[in-house]
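Okay, structure first, notes after.
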């Protein structure tokens with residue numbers, strides 16, 4: 001009389017179970033890594049949007065309030081000349097007395113926007129300034145009239161802020177100086 005006294009699992013059954021559980025663990029780990037990567041990308045995108053929402057209106061406001069763009073301005077450095085008829089604050093919030101003239105120097109260093117050598121906001125990948133000059137005196141700014149360096153002898157009518165996010169997609173914002181009409 002032959003009776004089977006099977007008390008456990010065979011080695012093959014254990015190996016198959018181990019392989020199936022390993023595949024399931026690998027799939028769950030990949031899903032977790034993908035979710036973390038997507039979450040991190042979303043956090044970065046939200047941070048970029050927050051920086052953009054602050055920086056662009058701030059720069060536009062400073063440009064519109066400026067008397068002129070200084071001739072030393074370049075694509076990576078914006079120098080604004082101000083003439084305060086009444087007491088007002090500069091880009092750092094410091095009060096400028098009535099009748100004073102002052103400059104504001106904006107530049108991007110190590111992904112931080114600086115004003116007068118003081119950091120304002122971090123998280124800017126790339127930023128460039130272009131200067132609109134009416135070269136042919138037709139009252140309009142064509143694409144060819146946006147220069148990377150401010151000219152020494154012609155007035156700048158507007159400043160274009162070219163913002164490059166981490167996805168390398170440029171966005172362009174334009175602000176005209178307060179006394180310029182075109």
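The values are calculated or read from the model by the stated rules, or taken from the named source; none is laboratory data. Predicted, not measured: the structure shown is a model, and the values here were computed from it. For neighbour counting, all protein chains shown are included, and Cβ atoms are generated from backbone atoms with ideal geometry for every residue, glycine included.
Summary table below
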| read-out | value |
| --- | --- |
| Test for residue 176: is it in contact with a helix residue (DSSP H, G or I) (Cβ under 8 Å, 6 or more places away or on another chain) and either modelled with pLDDT of 90 or more or under 18 Å from residue 74 (Cα atoms) (or both) | yes |
| Given (1) surrounded by 13 or more Cβ atoms within 10 Å (Cβ to Cβ); (2) part of a strand (DSSP E or B), index of the condition residue 171 fails | (1) |
| Condition check for residue 59: in contact (Cβ under 8 Å) with a residue 40 or more places away in the chain, farther than 19 Å from residue 150 by Cα and surrounded by 13 or more Cβ atoms within 10 Å (Cβ to Cβ) | no |
| Complete set of residues in region 79-108 that are within 18 Å of residue 149 (Cα to Cα) and either without any contact (Cβ under 8 Å) to a residue 24 or more places away in the chain or not in a strand (DSSP E or B) (or both) | 81 |
